[in-house]
Amino acid sequence: MPIAFSQGFTPHPKISYASAAPTGVGSEAEYLEIGLQAPVDPGQLQVALDAALSPGLDILDAVIAPEGSGSLADRIDASRWLIELPQVEPEVADRAVQAFLAAPEVPVERLTKQGMRSFDARNPVAFFAVTKESDAPSGANAAPCAIIDLVVRQVTPAVRPDDVLSGLRVVAGLEPPVPPRVTRLAQGSLTPQGEIVDPLDADREGAPIGGR
């Protein structure tokens, strides 16, 4: 692909990631922008990139970003997450979530490059609920697993799913006995109805990818 490069002594390919997921979590909704030197068919670009990636990293779609349409980051203000809490009863998780939502503020701390930082994990949370138990086999010896649906608005500093889980420990003393499994399901703009709009929807016209 005719990737565009930056200027200077150490040119870099013009690739930017929008709100990349934290280390250690899964994701089904990562987005990036690629600068090109010449027009390319989006389908061809998708196939070429997909062929170059390792198994499990799949390019799902590619669209043109018309000049003047703004950056991809401008179209993303929230993320939806699936959080699985193995060995946690759904009822216990639900009580913790309700306590979190009832709190006007949930202060948490996180170690950053600038040192330990304290911030509110409650305000950015737009939706938070225990949805269902896992699909694991049931039975007397089956381990419980609470499933949580979480929507978080983008703020500065960013509030991540692990910060929200820290908030559950603060307000309800919930400490999962094993590490949670976290997967990002969607990114985009958050509607008043609580839905997340795919940031590529406005550009799905099938036109050739041009200069950006």
Task: Residue in region 75-95 that is among the basic types (K, R), part of a loop (DSSP other than H, G, I, E, B) and surrounded by fewer than 18 Cβ atoms within 10 Å (Cβ to Cβ) present - done: no
Open item on the list: Checking the structure you have, find out if any residue of region 9-18 is within 20 Å of the chain's Cα centre (by Cα), surrounded by 16 or more Cβ atoms within 10 Å (Cβ to Cβ) and in contact (Cβ under 8 Å) with a residue 40 or more places away in the chain.
Closed with: yes
Task: Members of region 111-124 that are assigned to a strand (DSSP E or B), surrounded by fewer than 16 Cβ atoms within 10 Å (Cβ to Cβ) and in contact with a strand residue (DSSP E or B) (Cβ under 9 Å, 6 or more places away or on another chain) - done: L111, M116, R117, S118
TODO: Specify the residue that is surrounded by the fewest Cβ atoms within 10 Å (Cβ to Cβ); the eligible residues are those in region 25-69 that are in contact (Cβ under 8 Å) with a residue 60 or more places away in the chain, in a loop (DSSP other than H, G, I, E, B) and of a type in the set (G, A, S).
DONE: S69
Open item on the list: What's the number of the only condition in (1) at pLDDT 95 or above; (2) not in a helix (DSSP H, G or I) that Q98 fails to meet?
Closed with: (2)
- [ ] Mind listing whichever residues of region 101-129 are among the basic types (K, R) and modelled with pLDDT under 95?
- [x] R110, K113, R117
TODO: Identify, from the list R95, R110, R117, the residue that is closer than 29 Å to P192 by Cβ and of a type in the set (K, R).
DONE: R95
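The values are calculated or read from the model by the stated rules, or taken from the named source; none is laboratory data. It should be emphasised that the depicted structure is a prediction, and the values quoted were computed from it without experimental measurement. Every residue, glycine among them, receives a Cβ derived from its backbone with ideal geometry; neighbour counts consider all protein chains shown.
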